[in-house]
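Worksheet: the structure to be examined is printed underneath.
The values are calculated or read from the model by the stated rules, or taken from the named source; none is laboratory data. Just so you know, these numbers come straight off a predicted model, no measurement behind them. Don't worry about glycine lacking a Cβ; one is built from the backbone with ideal geometry, like all the others, and counts go over all protein chains shown. For accessibility, only protein heavy atoms count, side chains too; no ligands or nucleic acids. Shrake-Rupley method; radii C 1.70, N 1.55, O 1.52, S 1.80 Å.
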Amino acid sequence: MAATDMPRVKLGSQGLEVSKLGYGCMGLTGMYNNPVPEEEGIAIIKEAFSKGVTFFDTSDIYGANHANEYLVGKALKHLPREKVQLATKFGICKIDLTEVVVKGTPEYVRSCCEASLKRLQVEYIDLYYIHRIDTTVPIEETMRELKKLVEEGKIKYIGLSEAHPDTIRRAHAVHPITALQQEYSLWTRDIEDDIIPLCRFILILIVFQELGIGVVPYSPVGRGLFGGKAVVESLPTNSFLEKHPRFTGDNIEKNKSIYFRLEELAKKHGCLPAQLAIAWVLNQGDEFVPIPGTTKTKNLHDNIDSVKLKLTKEEVKEICDVVPISEVAGQRIGEAFYKTTYRYAITPPLKQ
Ligand code: ATR
């Protein structure tokens, strides 16, 4: 696809404009597969940009010793900074298979932002997310510091990830939230009950109040399942998925049938199952900007081409129907991480 064919959309209502498809850089420094060599990582980011993807997503916690931000920073040296929308995150200070430590104090916010700017070698971050919510710190305290960073020009827009609706409302009252990053895909649709209606409700108010929140679905390829990972392709060793509830034991055996049904339907559409999964997310509305990740140029091209798939309402429903949530086996994330997901992400009241 030519860069000029990539649609551009408004993310949130504060003025951020991004490509309709973003690129999740996380996997480049190891997660599902082994880390790719630096030159390959830079090349894939450049390739994405050459095809019109301008919205790049990283975090200070991706890769050993912040490797992902360093890599993205090096890749950005090859691209025109003003044409890139760079998103990064802070808030997870430690993560392993048994534990996640989250921090949201004002001092921590500032120190993380300054460290990310240095690693990324940029003057500003376009979209700065709270990666996970610190349930011991009133969200207003974290947001006030972020607001100061906006005023100082270090960050342009603020996002939240895995935040409870109550937390979103309280954060939004301190400073407008531009985007909400949540896991959302054919087999993870819980946010349809509360988060999406909330964002949409706020979107309806745009006309009157200039509010609005975009949705950035992460893991739109179902962490690889819809691309055939662990089904037609074996799991790489040292993959995070080796311990993932949906990819292990009896669950993966059950989940394989989901992949095969999607594969059948994809044939009907003349596309790949991964493309159908991404197109389904893209077709949820203009405010949805998914960020599929891949370590392979071919898969990158296929994912970008999914933007061309225009689906009717009936087709969107048909795709949804081949992945009945009641048949998905296993939680979307392991037990150690579950407590940091959005339903638990409520913070104490602010003491006046
Ligand atoms: P996340 O947001 O967590 O990175 P995702 O985008 O749902 O998750 O899925 C990423 C996984 O899907 C990666 O393991 C990627 O594997 P490769 O690095 O081997 O490509 C896989 N994936 C992404 N796009 C794919 C495609 N078009 N075909 C097959 N697998 C794909």
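In order along the range 329-341, the Karplus-derived 3J(HN,Hα) couplings, from 6.51 cos²θ - 1.76 cosθ + 1.60 at θ = phi - 60°, round to 9, x, 5, 6, 8, x, 3, 4, 8, 4, 5, 9, 7 Hz, and Gly and Pro are given as x. Both radii are taken from the alpha-carbon atoms of the chain; with Rh as the Kirkwood radius, Rg/Rh is 0.94. With a 1.4 Å probe and every protein chain left in place, tell me how much accessible area E39 has, in Å² to the nearest 10. Accessible surface of E39 is approximately 130 Å².
Would you list the P(r) distribution for the range 192-321, with all Cα-Cα distances sorted into 10 Å bins from 0 and each bin expressed as a whole %? It works out to 12, 37, 33, 15, 4, 0, in whole percents. Within the shell defined by Cβ-Cβ distances under 13 Å, the residues around I191 carry a net charge of -3, with Lys and Arg each +1 and Asp and Glu each -1. For V328, the solvent-accessible surface with a 1.4 Å probe is about 20 Å², rounded to the nearest 10.
Can you give me the accessible area per residue for the range 88-200, using a 1.4 Å probe, in Å²?
Value for the range 88-200: 35 Å² per residue.
Pairs with C-alpha atoms separated by more than 31 Å, drawn from the list K94/K147; K229/K313; K89/K317; K243/K313; K83/K118, are K89/K317; K243/K313. Roughly speaking, what is the centre-to-centre gap between the range 264-300 and the range 329-350 when only Cα atoms are used, to the nearest Å? After rounding, the separation between the Cα centres reads 27 Å. When restricted to Cα atoms, the range 257-326 yields an Rg and a Dmax of 11.8, 34 Å, respectively.
Among V36, V53, H164, pick out the residue whose Cα is farthest towards the positive end of the charge dipole of the range 3-344, where Lys and Arg carry +1 and Asp and Glu carry -1 on C-beta, about the Cα centre. Of the options given, the answer is V53.
Which of rounded, prolate or oblate describes the range 1-46 when judged by the alpha-carbon gyration tensor and an a/c cut-off of 1.5? Could the numbers behind the result be given before it?
Working: a/c = 3.27, a/b = 1.89, b/c = 1.74.
In terms of gyration-tensor shape, prolate.
Solvent-accessible area assigned to carbon and sulfur over the chain amounts to 54 percent, based on a 1.4 Å probe.
Might you report the magnitude of the Cβ-based charge dipole of the range 3-344 about its Cα centre, with Lys and Arg at +1 and Asp and Glu at -1, to the nearest 20 debye?
Values: 43 positive and 46 negative charges, 82 e Å.
In debye, rounded to 20, the range 3-344 gives about 400.
Along the axis of the charge dipole computed for the chain (Cβ charges of +1 for Lys and Arg, -1 for Asp and Glu, origin at the Cα centre), the listed residues I346, V122, L276 are led at the positive end by V122.
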